[in-house]
Amino acid sequence: MGTILFTIIFFPLVWEAISRWSGLPAFILPSPLEVWARFLRALADGSLLRHASVTLLEVLGGLAIGLSTATVLGYLLAKSRTLERLLAPYIVASQSIPVVAIAPLLVIWFGPGRLSKVLISSLIVFFPVLINTIVGVRSVPAELHDLMRSLRATRWQTFVKLEVPAALPVLLGGLKVGATLSVIGAVVGEFVGSEKGLGFLISLARGLYDTPLSYVVVFSLVAMALTLYGLVSLLEHRLLAWQGIENNR
Amino acid sequence: MNASEPALVTRNLSMVYPNGDGSLHALHQVDLQVQPQEFVCVVGPSGCGKTTLLHLLAGLLTPSSGEVLFEGKPLRGPRRHIGFVFQQTSLMPWRSVVENISLPLELQGVAEDERRHRAMELIELVGLAGFENTHPHNLSGGMAQRVAIARALVHEPNILLLDEPFGALDALTRERMASELLRIWSARTVTVVMVTHSISEALLLSDRLLVLSERPGRVRLDLPVPLSRPRLLEMTYTPRFGELAQEVRAAIG
């Protein structure tokens, strides 16, 4: 607890000191107090919450789509070597394309509205969750599969009572990475073409040389990603309580 | 099933695994019979196909040729009347002791109260009372293997198959577990086929001892164990026991 408090206090202090002694103007390096004042203003006129809620909805949509497609496809790939050999080259190749490069295409195809942002966010969530699903499902010990077979478990029973709980730790690890990436995806989409959202607010602030506002948005994005990460951690804690203290410390 | 009918019969049982370079001949024309409530141990050099034999008896593998008769009928695939204890403990780490033991009942759709009741009975029998809500990572090797045995018995199988169940335990725990297994076996009317690489363990436990030859495995010695029951650990120090052990050792080669 003490270390967390130190981190929270130390960072703004150093920042304040640098901005004071460097003598840089506010549009290059605003002081923490100026950013705080700008934050309160953005909060008061409702603009921050309005744009943040747009981004949050896109992020949640992206997570939902990315997570569901990646787990379903990941499970199928883990179970079928043939399918994996057929699809793996495409999936890996698609990951070598920077999202920034295809974001404009998606905006052209799906319009400047919410859908294109959700899709960009889901694309970036997809890969880590897919890989972790495959690893998770493959990591189920062979003896446990033999056990289920010797007990004449149905496919569904094997899935629900063995594969899901066994793969869950690795899958949740992938979701943690995915949750933070999903925010990046949505912002990239908003950067490319949008009139709403935190990504739009950043480009607006840049155009107006309203640097304190840029800082406000950056911190809002960090807060959003941390919250999502925290929620997944909480979920992990609830679902994986059986791992006991030694793994969760 | 009439009383004189063998619980398990194998006829000309052979197993060949397809392999990268040629094939692996694991078992060759194994013929054996196990009577109801008999305790049979299978010993042999490592890699002689003991585990393969057990998996065939459980219906987990399909033989390349020959057949397994379970209570007079050809065995096709796993049966609910067979309980299996694997080499590794194969417990589900996310389930507590009682949840692990009641898994077979859960898969059969037995109601929760009934499951818990029967699992608790087994917990009592294997001497794990007080540990029902413990998770496997907090159990010692011996305790984990007790859970595995309880799980294999909870659905009241006619046959219990054990694949080197005490292989990973230290010598002292192993001796204790052998006596425990005898106690459990006399408390439950169940036929047992157990694979082990310990000759003294096999002699101490079994009514009949089968020696498999090196790969491809075939039955080299079928020895009825002429020791009285109840078997006690002290018997292992008698000259008679030593002679039997020597005979088995010679057959393994």
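Tabulated data
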| read-out | value |
| --- | --- |
| Odd one out for B:Ser65 among (1) surrounded by fewer than 24 Cβ atoms within 10 Å (Cβ to Cβ); (2) within 14 Å of another protein chain (Cβ to nearest Cβ); (3) of a type in the set (Ser, Thr, Tyr) | (2) |
| Qualifying residue in the range A:87-95 (condition: surrounded by fewer than 23 Cβ atoms within 10 Å (Cβ to Cβ), touching a residue at least 60 places away in the same chain (Cβ under 8 Å), in contact with a helix residue (DSSP H, G or I) (Cβ under 6 Å, 6 or more places away or on another chain) and farther than 30 Å from B:His81 by Cβ) | no |
| Qualifying residue in the range A:190-198 (condition: assigned to a helix (DSSP H, G or I) and either more than 30 Å from A:Lys117 (Cβ to Cβ) or touching a His at 6+ places or on another chain (Cβ under 7 Å) (or both)) | yes |
| Subset of the range A:132-161 (residues that are away from every other protein chain (no Cβ under 11 Å), surrounded by fewer than 19 Cβ atoms within 10 Å (Cβ to Cβ) and among the β-branched types (Val, Ile, Thr)) | A:Val135 |
| Scope the range A:234-243; condition assigned to a helix (DSSP H, G or I) and surrounded by 16 or more Cβ atoms within 10 Å (Cβ to Cβ); matching residues | A:Glu236, A:Trp242, A:Gln243 |
| Hits in the range B:97-110 - residues which are assigned to a loop (DSSP other than H, G, I, E, B) and crowded, with 20+ Cβ neighbours inside 10 Å | B:Ser102 |
| Failed condition for B:Gly127, given (1) more than 9 Å from chain A (Cβ to nearest Cβ); (2) in a helix (DSSP H, G or I); (3) surrounded by fewer than 18 Cβ atoms within 10 Å (Cβ to Cβ) | (2) |
| Within the range A:29-62, considering residues that are touching a helix residue (DSSP H, G or I) at 6+ places or on another chain (Cβ under 7 Å) and outside any helix (DSSP H, G or I), the one surrounded by the fewest Cβ atoms within 10 Å (Cβ to Cβ) | A:Leu29 |
| Residue match in the range B:245-253 (condition: closer than 30 Å to B:Glu106 by Cβ, touching a strand residue (DSSP E or B) at 6+ places or on another chain (Cβ under 8 Å) and of a type in the set (A, V, I, L, M, F, W, C)) | no |
| Of all residues making up the range B:33-48, the number that are buried (at least 21 other Cβ atoms within 10 Å of the Cβ) and modelled with pLDDT under 90 | 2 |
| Count of residues meeting criterion [under 22 Å from A:Leu40 (Cβ atoms), touching a residue at least 12 places away in the same chain (Cβ under 8 Å) and among the β-branched types (Val, Ile, Thr)] in the range A:199-239 | 5 |
| Within the range B:168-205, considering residues that are buried (at least 21 other Cβ atoms within 10 Å of the Cβ) and among the polar types (S, T, N, Q), the one farthest from B:Cys48 (Cα to Cα) | B:Thr191 |
| Among the residues listed as A:Gly113, A:Gly173, the single one being surrounded by fewer than 22 Cβ atoms within 10 Å (Cβ to Cβ), away from chain B (no Cβ under 14 Å) and free of Cβ contacts under 8 Å to residues at least 40 places away in the same chain | A:Gly113 |
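Rundown of residues vs (1) over 26 Å from B:Leu56 (Cα atoms); (2) in a helix (DSSP H, G or I); (3) within 14 Å of chain A (Cβ to nearest Cβ); (4) touching a Ser or Thr at 6+ places or on another chain (Cβ under 7 Å), yes/no style:
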site: B:Met143; (1), (2), (3), (4): yes, yes, no, no
site: B:Ala150; (1), (2), (3), (4): no, yes, yes, no
site: B:Glu156; (1), (2), (3), (4): no, no, yes, no
site: B:Leu181; (1), (2), (3), (4): no, yes, no, no
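Conditions (1) at the interface with chain A (Cβ under 8 Å from one of its Cβ atoms); (2) at pLDDT 90 or above, marked per residue:
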{"site": "B:Val85", "(1), (2)": "no, yes"}
{"site": "B:Gln88", "(1), (2)": "yes, no"}
{"site": "B:Leu103", "(1), (2)": "yes, yes"}
{"site": "B:Glu106", "(1), (2)": "yes, yes"}
{"site": "B:Arg118", "(1), (2)": "no, yes"}
{"site": "B:Glu121", "(1), (2)": "no, yes"}
{"site": "B:Thr134", "(1), (2)": "no, yes"}
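The values are calculated or read from the model by the stated rules, or taken from the named source; none is laboratory data. Predicted model, so just to flag it, every value in this text is computed and none were measured. So basically every Cβ, Gly included, is an ideal-geometry build from the backbone, and we count neighbours across all protein chains shown.
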